[in-house]
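Have a look at the structure below, then the notes.
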Amino acid sequence: MKKLFATMAVLLSAWATMTAQVTPMILGDSHAMMRLEQGGAKYVLLPVQEKEENAHIAVLDGQNEMVKRLNVRLAVDKVDYLVPLEIGKGRLLDITFNGDRRKTGAVKDFACWKEMKFSNTFDTTNREKFRPAYHHTPLYGWMNDPNGMYYKDGVWHLYYQFNPYGSQWENMTWGHSTSEDLIHWKAQPLAIEADWLGAIFSGSAIVDKDNTTGFGRNAVVAMYTSAGSAQTQSIAYSADGGRTFTKYEGNPVITANAPDFRDPKVMWYEPRQCWIVVLAVGQEVQFYSSKNMKEWTYESSFGREYGNHDGVWECPDLMKLDNKWVLLLNINPGGPFGGSATQYFVGQFDGHKFTCEDEPKETKWMDYGKDHYATVTFHNAPEGRTVALPWMSNWQYANQVPTLQFRSANGLPRDLGLKVANGETILTSKPSKEVDAVRGKKLKKPTDMCEIVIDLKANTEITLSNLKGEQVVMRYSQQKQTFTMDRTKSGDVSFSEAFACETCAPTYGNLRQLRIFIDRCSIEAFDAEGKMAMTNLVFPSEPYNIIKVKGGKATIYEVK
């Protein structure tokens, strides 16, 4: 299925004629400057070599005031790819290199000077065989946590942690994409960029329909972590539907003496007529309340004795489902199979504190795959639905997966609910109904973009493979009440020792049907009733086009 990205207004689809090679001013063994006055070009294209250390770049205007700072792995002896830096007010780049010059050679001979060009365009045509077709990805660069998600006027808005200057983590900015169907996404200009309080880390956004904040009726208000020498919470508002934001002059709005103090998730609590924000703070979450999102009052903390504490708690979310409340809590490391994962707690919230109904040491996982993290929900979803979206990767290897133009995708959108199984309340995840709308005709064999429905028996084994001998094996055991997925022979597993693995999920009762979604580099398996979800990346050298099912029946559909 063709990826229906619309190119950003600032990013065009073809290479333009480049001007002559740049001439740097070499100022020392690790210092150089470069002028940006090159006939009115819109971008300077920066050559990246991922194995190199970051060079620190200050962008100075005509008065030698700094307008931007960024870190880029400028190429020393080989160019992996180019990234665009919009020149704007910039007139001079002040560049400081790191690394051992005895190994890398003289700065004047670096490959970046030979390949650095000025241009009015930047090519975003896909050059990656592993880029998903029906999952959201950035046009280029690095992406991790979904941020600031909301629904407004028929449009789903997704912001995300984004590095515009490389395909590895750095320079955290809020990227922005929009969709009318949760499947086909349109790339938008950058939403919120770093300032002197720090990089723009994860957060959330709300539609202020009653103007409680004073920024205007139906203003979009984003709350995010400013990550500088300390982590503090800031807000910004948009009067044009979330396209552009103005930062609040009173930032930061919440501060604390804590090293890991981040990822605010805001919700409206109707009984108290106030906003509630839940924040990840080291090994717990904290709740604050506010009438205007500017002045906040600490309410309570939760989690010190609950759940998994093998890593840092991040990206919390709080939601009401039926007559109970669910607290999502992402953790890294500490996942059931190493690295990143999403745990959750079920209980009650009274506007001041969260009370968990489960035993303190019990850990419930939202998804039992290796590649499901930073999951949060959309504000203001229609029809009273609770729609979640994960980041589809794992911090153990996210920077090393075998792509270059971009890194990371989001998992499929999931509608959340609650179900009682084996005497306890569990969180259910089903592919959102928008996923059903892209199911096409039946196929005779799997492709790299398809849905496979498996009618199960008591014991079922499903093997997906190709002519190269690469395979993924999935097994359902009714007796053990488990579902497993083995990707140890799935294709390229060489980039990380942590990648090759088998993942296993409890099924909370018998399963009758599985829905398996394949999209070039991912396999997502869902119980049709929502009791089990498993998300795993795979990197086969060619698509899995062979399926063998023992103890069940497969029906294959194209995804259109």
## Note on the structure
Among residues of region 315-328 being open to solvent by 30 Å² or more (accessible area, probe 1.4 Å) and assigned to a strand (DSSP E or B), the residue nearest to Met267 (Cα to Cα) is Lys320
### Query
Restricting the search to region 183-224, which residues are over 24 Å from the mean Cα position of the chain (by Cα) and polar (S, T, N, Q)?
Asn211, Thr212, Thr213, Asn218
### Selection count, region 67-123, where residues are touching a residue at least 40 places away in the same chain (Cβ under 8 Å), among the aliphatic types (A, V, I, L, M) and either surrounded by 19 or more Cβ atoms within 10 Å (Cβ to Cβ) or closer than 26 Å to Gly198 by Cα (or both)
12
### Query
Within region 186-213, how many residues are open to solvent by 10 Å² or more (accessible area, probe 1.4 Å), closer than 22 Å to Phe122 by Cα and either in contact with a strand residue (DSSP E or B) (Cβ under 6 Å, 6 or more places away or on another chain) or of a type in the set (Val, Ile, Thr) (or both)?
5
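State the number of residues belonging to region 378-407 that are part of a loop (DSSP other than H, G, I, E, B) and either within 20 Å of Ile523 (Cα to Cα) or hydrophobic (A, V, I, L, M, F, W, C) (or both).
Of the residues in that region, 14 qualify.
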#### Entry: Conditions (1) in a loop (DSSP other than H, G, I, E, B); (2) open to solvent by less than 10 Å² (accessible area, probe 1.4 Å); (3) within 17 Å of Met534 (Cα to Cα); number of the one not met by Thr342
(1)
### Query
Quick check, is Glu299 charged (D, E, K, R), touching a His at 6+ places or on another chain (Cβ under 6 Å) and in contact (Cβ under 8 Å) with a residue 24 or more places away in the chain?
yes
#### Entry: Test for Gly351: is it touching a residue at least 60 places away in the same chain (Cβ under 8 Å) and over 20 Å from the mean Cα position of the chain (by Cα)
yes
### Message
Please go through (1) closer than 12 Å to Val83 by Cβ; (2) open to solvent by less than 30 Å² (accessible area, probe 1.4 Å) for Glu170 and return the number of the only condition it doesn't satisfy.
### Response
(2)
### Task
Those residues that are touching a helix residue (DSSP H, G or I) at 6+ places or on another chain (Cβ under 9 Å) and not charged (D, E, K, R), I need them from region 96-112; list them, please.
Phe97, Val107, Phe110
### Query
From Glu524, Glu558, Glu542, which residue is open to solvent by 10 Å² or more (accessible area, probe 1.4 Å), under 16 Å from Val435 (Cα atoms) and either acidic (Asp, Glu) or in contact (Cβ under 8 Å) with a residue 12 or more places away in the chain (or both)?
Glu558
### Message
Glu502 - would you say it is under 28 Å from Lys364 (Cα atoms), in contact with a Ser or Thr (Cβ under 7 Å, 6 or more places away or on another chain) and not aliphatic (A, V, I, L, M)?
### Response
yes
### Query
Restricting the search to region 349-376, which residues are assigned to a strand (DSSP E or B) and surrounded by fewer than 18 Cβ atoms within 10 Å (Cβ to Cβ)?
Thr355
#### Entry: From the options Leu389, Leu412, Leu416, residue that is out of contact with any Pro (no Cβ under 7 Å at 6 or more places or on another chain) and of a type in the set (A, V, I, L, M)
Leu416
### Message
Looking at region 419-456 only, could you name the residues that are of a type in the set (A, V, I, L, M, F, W, C), in a strand (DSSP E or B) and open to solvent by 40 Å² or more (accessible area, probe 1.4 Å)?
### Response
Val420, Leu443
#### Entry: Pairs with Cβ under 6 Å, 6+ apart, first in region 48-66 and within 17 Å of Leu85 (Cβ to Cβ), second in a strand (DSSP E or B) and open to solvent by 80 Å² or more (accessible area, probe 1.4 Å)
Ala58/Arg69
## Note on the structure
Sole miss for Arg35 among (1) touching a Ser or Thr at 6+ places or on another chain (Cβ under 9 Å); (2) surrounded by fewer than 21 Cβ atoms within 10 Å (Cβ to Cβ); (3) more than 21 Å from Ser119 (Cβ to Cβ) is condition (3)
### Glu451 being among the acidic types (Asp, Glu), in contact with a strand residue (DSSP E or B) (Cβ under 8 Å, 6 or more places away or on another chain) and either farther than 19 Å from Trp185 by Cβ or in contact (Cβ under 8 Å) with a residue 40 or more places away in the chain (or both)
yes
### Query
Going by the conditions given, is Phe483 exposed (fewer than 14 other Cβ atoms within 10 Å of the Cβ) and in contact (Cβ under 8 Å) with a residue 24 or more places away in the chain?
no
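The values are calculated or read from the model by the stated rules, or taken from the named source; none is laboratory data. Computed from a predicted model, the values in this text were never measured in an experiment. Every residue, glycine as well, gets a Cβ built from its backbone with ideal geometry; the counts of neighbours run over all protein chains shown. All accessible areas refer to the heavy atoms of the entire protein, side chains included, with ligands and DNA or RNA removed. Shrake-Rupley method; radii C 1.70, N 1.55, O 1.52, S 1.80 Å.
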